[in-house]
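Let me begin by presenting the structure, written as structure tokens, before commenting on it.
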Amino acid sequence: MGIKEIDPFWERAKKLIRAHKITQNEFSAYIGVNYATFKCWLYFNRIPDAYTCCDIAEALGVSVEYLVRGKDGKAMEDREKDALVRKTAAAQIKKMSGIIRKNAGLIG
């Protein structure tokens, strides 16, 4: 993996750490990593092991996929499900309004 692929991981992570209004030192302690180790990862653009990546992502409230690729597959999946629910709900409302209009004609 080249530096161009790793850089965005730490750029996204640092942006999220700042958004949480904590220091990198506080963040490293929160995820249980020695601050010197954490700083080396940043300085040398190294991605930690998979378990630590999961800890970092969880602490920042994002997916590992987001940190690595800038995309969040789960969020995309959730948006697709929401769109399907809205589409289904709209179809049901349209169907029910037709039934109501039909029944209203029988009453009046």
(request) Beta carbons within 10 angstrom, averaged per residue: use that to sort the peptides 56-67, 19-30, highest first. (result) 56-67, 19-30
(message) Can you compute the charge dipole magnitude of segment 1-71 about its Cα centre, using +1 on each Lys and Arg Cβ and -1 on each Asp and Glu Cβ, nothing else charged? Give it in debye, rounded to the nearest 20.
(response) 280 debye
(message) Using amide H atoms built in the peptide plane, which far-off residues or other-chain residues are under 5 Å from residue 62 H to H?
(response) none
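Readers should treat all values here as calculations from the given coordinates under stated rules, not as data from a laboratory. Treat the numbers as computed from the prediction; the structure is a model and nothing was measured. Here Cβ is always computed from backbone atoms with ideal geometry, including for glycine, and neighbour counts include all displayed protein chains.
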